[in-house]
Amino acid sequence: MSDIKFTRALADPDHALKPAGRPGPLGKPLVLANDGLPEEEKAWFCDAYPTASGPYKGILENFLNWARSKSLWILGFGTGCGAIELRPLMTSRFDMYRFGIQPRPTPRQSSVFVIGGYASVKTLKRIVRSYEQMMGPKFVVALGSCTINGGMYWDSYNTINAIEHYIPVDVYIAGCMPRPEALLAGFKELQRKIRRGECEGAVKYAENFEWYKANQKKVIHDWNMPDYNY
Amino acid sequence: MEPSIPLRIAYAFASLAVITVYGLLLIGSMARISAKVQGRVGQPVWQPFIDIVKSSGKRNSISHGVMFWLGPVFRLAGGVGTYMFVPAVLGSVVFQNFSMSGDLLLVMYFIFFGQLGMALGASEGGHPYSAIGVSRGLAQMTAFEVPFALSIISIAVQYGTLDITKIVMAQQGGFLNWTLFTNPLAVVAAMIAFLGMSGHNPFSVVIAPQEIPIGPPTEYQSNLLGMLQTNRAVFNGAKLVLYMNLFFGGATNVPVMVVKTFLIYFVNIFVGQAFPRFRTDQAIRFFLGVPTLIGIAAVVLFAF
Ligand code: SF4
């Protein structure tokens, strides 16, 4: 786990007001609950922990990793100002399709989640929901200094600082904002990492689910969604 | 000599495998051609294969119930069914499929069976965008079916049969015997319906890749999505082979089949790259206008 300490939410555990029935401080076991939801909606959502499937080894897995790296479907969800740099990738000047990268508008089918810059708390909620709805193995590319340490929004009242405290990140692309060339370089790096079998973010998320969930709940005060959005 | 039943089943599988690979290559090459038109390099021709491997190799998947799971199965059954009752290559033992066992009506039924099954399955997913996609898809399908059915009626009257093999036989002996030249109105109506059936521009609002996330299959993922992608290839191949048989004189060997189906599919890209997208209501009005009139003219011409 990263030891970045400057996220205010983490440095100050009492930063979040904990509603009744919410999990205790970091490390304590978390009871998965859908208690933010109205009674009639509870049955609609998953009430189980994510299970870690993988990492696997062997020839088949190497082949699948190769296929995964050659078929990256980006979740079309622009979260910050950096998302504007994703669009040129589709144009004839940069043409990401030649690397097997294409946009996919639904989290169910996409395999790469691009965090396009700063994430406000409100957006973080949607990021978490979308990330959990993606099918593993799933990869996260975070662009812009805002995702790394908060960037110029470091002391903003309403943005989170380090995205990797909330969801696992595979590749960071630094810059404010990174140019499309940098994005392509980042995607190439992601492909190399996938082929080496190093992108097991979904497994990491499942194994450290309590830690991630506690971090998320610390900043998201109006938690009116299931704990795990299956 | 009639081949034995096990042999025919083996041939059917071989034929199906060939059309799947061909269909995927066709989708890949058409994407590549579109990219060239837009001044891009474009994805590799084999990208659809990689996508299917990737989708099927996902580690987890979710289901929303039995119907949700059955949707892609119905869709695949529709694709395979359409293909199995059309002779892909006339007179070839391997590629004639089971064309002597079914006629045009059965094939038409299979074309729409898959769509309806998919509509049921997608609705089970509960996603509002699936429902919007399904309603758009069914509305558009109802509209393009009118010119398509009129054109089928016209050629049924023209040849006096619904048996696809007989229709192909009647077109042999020179390209002037093709339906394209003997009944051009029916071909025009059917080709316009074909644009709607293939879902390329200007009739791509059903899948609408950006606005209505991917249309009916919004909730489909992993191996179910892999199944849908495979079916897309089979179904495309089946439709192309059907069109080739009905309107363009069929094929007596595989290279001719490949060239003809490629050119028929190319019409989609040709139109799709030149025209922007219709809204659903515009598409419906379009299909019920001139193409329907052309279809009626084709029927009237041969019925009286
Ligand atoms: S890093 Fe710069 S460009 Fe990117 S989201 Fe932050 S402020 Fe915007």
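The values are calculated or read from the model by the stated rules, or taken from the named source; none is laboratory data. Remember, predicted model here, so these are calculated numbers, not experimental data. Backbone-built Cβ (ideal geometry, glycine too); neighbour counts: all protein chains shown. SASA here: full protein model, heavy atoms, side chains in, ligands and nucleic acids out. Shrake-Rupley method; radii C 1.70, N 1.55, O 1.52, S 1.80 Å.
Quick notes on this one:
- Sorted largest first, the spans of the alpha carbon positions of the stretch B:5-303 along the three principal axes are 54, 48, 42 Å.
- Hydrodynamic radius of the stretch A:59-199 by the Kirkwood approach over all distinct alpha-carbon pairs: 15.0 Å.
- Between B:L120 and A:L60, the distance separating the two model label sites (each 7 Å from Cα on the Cα→Cβ line) works out to 3.2 nm.
- Percent of Cα-Cα distances greater than 42 Å, calculated over the protein assembly as shown: 28 percent
- Residue of B:V89, B:V134, B:V256 that the Gaussian network model of chain B assigns the largest fluctuation, springs spanning Cα pairs under 10 Å: B:V256
- Between A:E207 and B:L70, the C-beta separation translates, for a Förster distance of 45 Å, into a calculated FRET efficiency of about 0.85.
- Overall form of the stretch A:124-230 per C-alpha gyration tensor (a/c, 1.5; a/b vs b/c): oblate
- Top of B:R232, B:R279, B:R136 by mean-square fluctuation, Gaussian network on chain B, Cα under 10 Å: B:R279
- Relative contact order of the stretch B:157-304, pairs being alpha-carbon contacts under 8 Å that are 6 or more residues apart, as %: 38 percent
- Members of A:K70/A:K213; B:K58/B:K239; A:K70/B:K36; A:K188/A:K217; A:K70/A:K122 lying beyond 28 Å, as alpha-carbon distances in this model show: A:K70/A:K213; B:K58/B:K239; A:K188/A:K217; A:K70/A:K122
- Whole-angstrom gap from the stretch A:151-197 to the stretch B:265-304, using each part's C-alpha centre: 47 Å
- Accessible area that becomes buried as A packs against B, both chains, 1.4 Å probe, Å², nearest 100: 2700 Å²
- Surface accessible to a 1.4 Å probe, B:I264 within the full protein complex, Å²: 10 Å²
- Pairwise FRET efficiency - A:S92 versus B:N177, Cβ, R0 = 41 Å, nearest 0.05: 0.40
- For the stretch B:5-303, relative contact order (Cα pairs under 8 Å, six or more residues apart, normalised by length) works out to 28 percent.
- The protein assembly as shown - charge dipole about Cα centre, Lys and Arg +1 at Cβ, Asp and Glu -1, debye rounded to 20: 1080 debye
- For chain B, built as a Gaussian network whose Cα springs stay under 10 Å, the top-fluctuating residue of B:M84, B:M169, B:M141: B:M169
- Selection of GluC sites (Glu not before Pro), the stretch A:152-222, meeting DSSP coil and at most 16 other Cβ within 10 Å: A:E198
- Here is the result for the stretch A:115-184: no trypsin sites (Lys or Arg not before Pro) lie in DSSP coil with at most 14 other C-beta atoms within 10 angstrom of their C-beta.
- Between the stretch A:39-88 and the stretch B:135-211, the C-alpha centres lie 40 angstrom from each other.
- Calculated mean residue ellipticity, 222 nm, chain B: -23500 deg cm²/dmol, from DSSP H runs (n ≥ 4) at -39500 (n - 2.57) each, averaged per residue and rounded to 500.
- Sparse packing (at most 11 other Cβ atoms within 10 Å of the Cβ) combined with a DSSP loop state is found for the following chymotrypsin sites (Phe, Trp or Tyr not before Pro) in the stretch A:126-223: A:Y157.
- B:M191 accessible area, 1.4 Å probe, all protein chains in place, Å² to nearest 10: 30 Å²
- 10 Å beta-carbon shell around B:V41, net charge (K/R +1, D/E -1): +3
- Remark: mean inter-chain Cβ contacts per residue of A:87-94 equal 2, using a 10 Å Cβ-Cβ cutoff to other protein chain atoms.
- In the stretch B:79-125, the convex hull through the Cα atoms has an average projected area of 3.5 nm², a quarter of its surface area.
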